[in-house]
Amino acid sequence: MTRITVAKGDGIGPEIMDATLAIILAAGAAIEVEEIEVGEKVYLAGNTAGIAKESWDVVRRNKVFLKAPITTPQGGGYKSLNVTTRKFLGLYSNVRPCASLHPFVKTKHPEMDIVIIRENEEDLYAGIEHQQTDEVVQCLKLISRPGCEKIVRYAFEYAKQYGRKKVTCFTKDNIMKQTDGLFHQVFDEIAKEYPTIENEHWIIDIGAAKMADTPEAFDVIVMPNLYGDVLSDVAAQIAGSVGLAGSANIGEECAMFEAIHGSAPRRAGQNLANPSGLLQGAIMMLNHIGETAVAEKVQNAWLRTIEEGIHTYDIFKEGISTEKVGTKEFAEAVIANLGKQPETFKPVNYSKGTALNLPKYQRKAPAKKALVGVDIFVHWAGTDPNELAEKVQLLNNGDVKLSMITNRGIKVWPDGFKETFCTDHWRCRFKPTMSHHIQKQDIIQLLYDAHELSIDTIKTENLYEFDGKSAYSLGQGQ
Ligand code: NAD
């Protein structure tokens, strides 16, 4: 018997959770449910995280969490419970299978059967944002080697376990050579360990276009957080409906399972909602806890019910569907089909579908790190970069000198174009004059002198070489 934490959530949440639990319990799932309250009521009671401390204790103790969608109240100050849960519990992998249910659910892509594996903890979702000048705000995009290794390995292990033929990686490393470049590099490294699984990399823009047009060209797709967030919704939608997709959030210790859609408050309390998305999440949960036979039984019964044309309003289509049902009746139809196989769809076989057992990340030996310059960012309301250069060059000394100024990344000094639009946010790059290296004291001196000259410095970024390889981007146009 596995004890799981259940949160019924808001809006349609309680109805679809009741339906889902009724189905999996009827199928014989050996689970014990421990319920917690999360979401709107908790937020509105003044808890900005949407979950009480005692509830965290339950989630952490049980390690497996089945969560219905919640409503995040409008207005500032409320933290997304999903993002916090994923990060607190180290749920680094988000898995979303998106398969067509043609001809029973309308889709332009009858052959589609893809699984999106999205990195779930880092990238722009680290949520580190600052306003730096009147005109410019920034969001830090953090990509780590452990983050990349864990998610890419997860994708290949998933492919191996579920007999998938190919893993594709989407990044934009032609532009973000350091961050997306690392993701791509790690993908290439790890792909070599799986010679029987095909691998390929696509630049995200053309890859996304291809996925939206010809999804059958893909199998498993792995990508950084933001791209995965956007494209997994696109994939679910073009497969048939966002209402049909579930997702698993997997960590080394804990896991959370959910539907990908929200709480649909306008549909709440009317016995209208489709419980399929949450049910798909629950099926992944059953596999995760080793209840593979029950997972298989539920999935086959669900496929059979969809085939029989017993549909909730969101996928109901005259001519294809046979009966329009509510949430409860849909669940009853699935329960009545338990033990039956689908006739048109291929029955699933989850005999090998248990939780993946991945090696723990091993930290590599540190590289030789050398400080070779510094970017000092300056808030300056002028418009002529030559004027700023004159001022900032006063900071030059025997050890360091100004080598370049960029504005929003594009080089504007020396030899800038007068056509380039400039904001009040300038990056001034200082490089050593004599030796190849600079010292931390040089940076402190630069900042001190800038302060004396009333130059408004807003931040610095150190320029490093790791093992002799430069580890920062050039200015655009440099
Ligand atoms: P939504 O997914 O709740 O609804 C979008 C549309 O899809 C609506 O027209 C709705 O009627 C329909 N729909 C969604 N799920 C359905 C289902 N199971 N059956 C039938 N129809 C369904 O998105 P939204 O309206 O943008 O968001 C509503 C609330 O949900 C917001 O407060 C949002 O913050 C929250 N939300 C929560 C989660 C989560 O908890 N995981 C995810 C997304 C949005």
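Since every read-out is calculated from the coordinates, none of them should be taken as a lab result. Since the model is a prediction, treat every value here as computed from it, not as a measurement. A quick note on method: Cβ atoms are made from the backbone with ideal geometry, for glycine too, and the neighbour counts reach across all protein chains shown.
Counting Lys +1, Arg +1, Asp -1, Glu -1, what net charge surrounds Ala30 among other residues with beta carbon under 11 Å of its beta carbon?
Around Ala30, the charge tally is -1.
From the phi of every residue in the stretch 404-409, what ³J(HN,Hα) in whole Hz does the Karplus formula 6.51 cos²θ - 1.76 cosθ + 1.60 yield, where θ is phi - 60° and glycine or proline is x?
Along the stretch 404-409, the couplings run 6, 10, 10, 10, 6, x Hz.
Per the helix-only calculation at 222 nm, which mean residue ellipticity applies to the chain, given -39500 (n - 2.57) for every DSSP H run of n ≥ 4 and division by its residues, nearest 500 deg cm²/dmol?
-10000 deg cm²/dmol
Please turn the phi angles of the stretch 61-66 into ³J(HN,Hα) values with the Karplus equation 6.51 cos²θ - 1.76 cosθ + 1.60 (θ = phi - 60°), one per residue in order, whole Hz, x for glycine and proline.
6, 7, 6, 10, 10, 9
Test of understanding: express the Cα radius of gyration of the chain as a ratio to 2.2 N^0.38 Å, with N the residue count.
Details: Rg = 26.3 Å, N = 478, 2.2 N^0.38 = 22.9 Å.
My calculation over the Cα atoms of the chain gives 1.15.
Report ³J(HN,Hα) in whole Hz for each residue of the stretch 246-255, in order, from the Karplus equation J = 6.51 cos²θ - 1.76 cosθ + 1.60 where θ = phi - 60°; Gly and Pro get x.
Residue by residue, the stretch 246-255 yields x, 9, 10, 10, 10, x, 6, 10, 10, 8 Hz.
Figure the gain on full extension for Ala217 and Glu54 (residue separation times 0.36 nm, minus the Cα-Cα span) and round it to one decimal in nm.
54.0 nm
Could you give me the radius of gyration and the Dmax of the stretch 369-470, taking only the C-alpha atoms into account and expressing both in angstrom?
13.3, 39
When Lys and Arg each count +1 and Asp and Glu each count -1, what net charge do the other residues less than 11 Å away from His379, Cβ to Cβ, add up to?
Once positives and negatives cancel, what remains is -3.
Quick check on the exposure proxy: order Ile320, Ile260, Ile23 from fewest to most C-beta atoms within 10 angstrom. Show your work: numbers first, answer last.
Numbers: Ile320 13, Ile260 23, Ile23 28.
Going from least to most buried by this count: Ile320, Ile260, Ile23.
Using the basic label-point model (7 angstrom from Cα toward the beta carbon), what is the Gln270 to Thr383 distance in nanometres?
About 5.5 nm, to one decimal.
By average Cβ neighbour count within 10 Å, what is the ranking of 431-440, 333-342, 356-365 from highest down? Before the final figure, lay out the partial values.
Working: 431-440: 13.4, 333-342: 18.0, 356-365: 9.6.
Those peptides, ordered most packed to least, come out 333-342, 431-440, 356-365.
Could you please state, rounded to a whole Å, how far the C-alpha centre of the stretch 426-474 is from the C-alpha centre of the stretch 104-118?
Each part's Cα centre sits 50 Å from the other's.
R0 = 56 Å: FRET efficiency of Phe421 with Tyr162, Cβ-based, nearest 0.05?
E(calc), rounded to 0.05, equals 0.70.
Pull out the extension gain between Gln439 and Tyr361, defined as 0.36 nm times the separation in residues minus the alpha carbon to alpha carbon distance; nm, one decimal. Can you show the working numbers first?
On the way: separation 78, 0.36 × 78 = 28.08 nm, distance 3.25 nm.
Result: 24.8 nm gained on full extension.
Along the charge dipole of the stretch 131-185, which of Met176, Val136, Val152 sits closest to the positive end, that is, farthest toward it, with unit charges on the beta carbon of Lys, Arg, Asp and Glu (+1, +1, -1, -1)?
Val152
So, with +1 on the Cβ of K and R and -1 on the Cβ of D and E, and no other charges, what is the size of the charge dipole of the chain about its Cα centre, to the nearest 20 debye?
900
Give me Rg/Rg_expected for the stretch 162-250, where Rg uses Cα atoms only and Rg_expected = 2.2 N^0.38 Å with N residues.
For the stretch 162-250, the normalised Cα radius of gyration comes out at 1.10.
Return the distance in nm (one decimal) between the two label points of a simple spin-label model at Glu32 and Thr344, each offset 7 Å from Cα along Cα→Cβ.
For the pair Glu32/Thr344, the computed spacing is 4.3 nm.
By its C-alpha gyration tensor, with a ≥ b ≥ c as the square roots of the eigenvalues, how is the stretch 82-202 shaped: rounded for a/c under 1.5, else prolate for a/b larger than b/c, else oblate?
prolate
Compute the length gained on full extension between Glu129 and Val234: take 0.36 nm times their separation in residues and subtract their Cα-Cα distance, giving the result in nm to one decimal.
Working: separation 105, 0.36 × 105 = 37.80 nm, distance 2.65 nm.
Length gained, Glu129 through Val234: 35.1 nm.
Computed from the mean reciprocal separation of all distinct C-alpha pairs, what Kirkwood hydrodynamic radius does the stretch 1-132 have, in Å?
The Cα-based Kirkwood calculation yields 17.1 Å.
Under 5 Å between amide H atoms, partner at least 5 residues away or on a different chain: which partners does Leu463 have, H built in plane at 1.01 Å?
Hits under the 5 Å cutoff: Val372, Gly373, Val374, Asp375.
For Gly475, what charge total do you get from the other residues with a beta carbon under 10 Å from its beta carbon, if Lys and Arg give +1 and Asp and Glu give -1?
With Lys, Arg at +1 and Asp, Glu at -1, the net is +2.
Enumerate the amide H contacts of His201 below 5 Å, restricted to partners 5 or more residues apart or on another chain; note that Pro and chain-start residues carry no placed amide H.
Long-range HN contacts for His201: Cys169.
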